[in-house]
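Student: I have a structure I would like to understand better, so I am pasting it below and will then ask my questions one at a time.
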Ligand code: AMP
């Protein structure tokens, strides 16, 4: 891949968490999770200029931070404070297609005030992972002139922090949400119309993630569809959206430009990283990958979606 200096810097802000996941494969407790955990690990395969801003409690094992550092991720923005690490409890339907949040214990997130180091303020790409939009706004007030601000969110914040979320959207270039959240935000079932309504809130593009139906990118008048890899073994969809975001932004940092064709490729890299994430619990699917494995799945997706134009 390119030399380090060619990469753009990517600042990731999000949750670092413990997850309890219930579903068809039983209950798994105290798994490493959180939006920033998945995003940064997925992005780090493409660029070694990934920095994380997050908070953990005293109960958070240092080995997880050390593993991220070993992957080349700058963890100097991960604050460790007194209290318990954020804990999320989710339950998946037997077919894994939907999930509900059973519990959210904010712990150290309750008093978190992100403070960016000087170097982090100059980040060229900023990825606001799914956290309280009030915290996302705090970060946006501190960054200087990012070329791209991409924001992820979830139904909770659409329901309880809509005014703050709208302020974030006004400063966001690319908003990422899943189909259910897009419909909720827009009050519109049709995804094309929902995307148009979301774009009116400020972003120049919206990415709607649709689980195993792939992801749609709406921008200007155009739309691009990234397929999802049909997989034989899916264990845990947690972190798929975050790993998608990490692959997408990581690739944009690596490529160094944001031409329409680069953005399309980045969408596919997102799909590739999301597909690895769901094959294992926690971050298991996105650790220990190689460039060759990522390349192989990228090629498989390219093959899967390829078709010739014909003239009828
Ligand atoms: P995803 O499956 O990509 O949507 O992301 C799942 C991750 O989001 C889990 O690992 C959770 O720890 C994290 N998460 C869930 N709810 C919240 C929340 N309210 N704030 C921050 N992170 C959350």
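Student: Rank 221, 14, 211 by mean-square fluctuation in a GNM of the chain with C-alpha springs under 10 angstrom and give only the top-ranked residue.
Tutor: Taking springs between Cα atoms under 10 Å, the residue moving most is 221.
Student: Follow-up question, since we're still on this one. Among DSSP beta bridges lying fully in the stretch 10-305, give the percent that are antiparallel, nearest 5.
Tutor: Around 40 percent antiparallel, to the nearest 5.
Student: Which whole number in µm²/s is D for the stretch 200-312 by Stokes-Einstein, with the Kirkwood Rh taken over Cα pairs at 37 °C and 0.692 mPa s?
Tutor: 224 µm²/s
Student: Follow-up question, since we're still on this one. At a 10 angstrom cut-off on C-beta neighbours, averaged per residue, how do the peptides 92-100, 28-36 rank from highest to lowest?
Tutor: 28-36, 92-100
Student: Hey, got the Cα dimensions of the stretch 10-305 along the principal axes, in Å, largest first?
Tutor: 48, 41, 36
Student: Once the Cα gyration tensor of the stretch 143-243 is diagonalised, what are the square roots of 5 times its eigenvalues, in whole Å and ordered largest first, as equivalent ellipsoid semi-axes?
Tutor: 22, 15, 15
Student: Quick one: 273, 267, 258, fewest Cβ neighbours within 10 Å first, how do they rank?
Tutor: 258, 267, 273
Student: When a/c reaches 1.5 or more, the comparison of a/b and b/c decides; with that in mind, is the stretch 106-186 rounded, prolate or oblate per its Cα gyration tensor?
Tutor: In terms of gyration-tensor shape, oblate.
Student: For the stretch 38-80, just say rounded, prolate or oblate: build the C-alpha gyration tensor, square-root its eigenvalues into a ≥ b ≥ c, call rounded for a/c under 1.5, and beyond that prolate if a/b exceeds b/c, oblate if not.
Tutor: The shape class here is prolate.
Student: Under 8 Å for C-alpha pairs, at least 6 residues apart: give me the relative contact order for the stretch 10-305, rounded to a whole percent.
Tutor: It comes to 17 percent, rounded to a whole number.
Student: Could you tell me the convex hull volume per residue, in Å³, taken over the Cα atoms of the stretch 232-298?
Tutor: Per residue, the Cα convex hull of the stretch 232-298 comes to 79 Å³.
Student: Using a Förster distance of 30 angstrom, determine the FRET efficiency expected from the C-beta separation of residue 280 and residue 307, and round it to 0.05.
Tutor: 0.45
Every read-out reported here was derived from the displayed coordinates using simple, explicitly stated rules and does not represent laboratory data. Only a predicted model underlies this, so the values are computations on that prediction, with no experimental measurement involved. Here the Cβ is made from the backbone with ideal geometry for all residues, glycine too, and neighbour counts use every protein chain on show.
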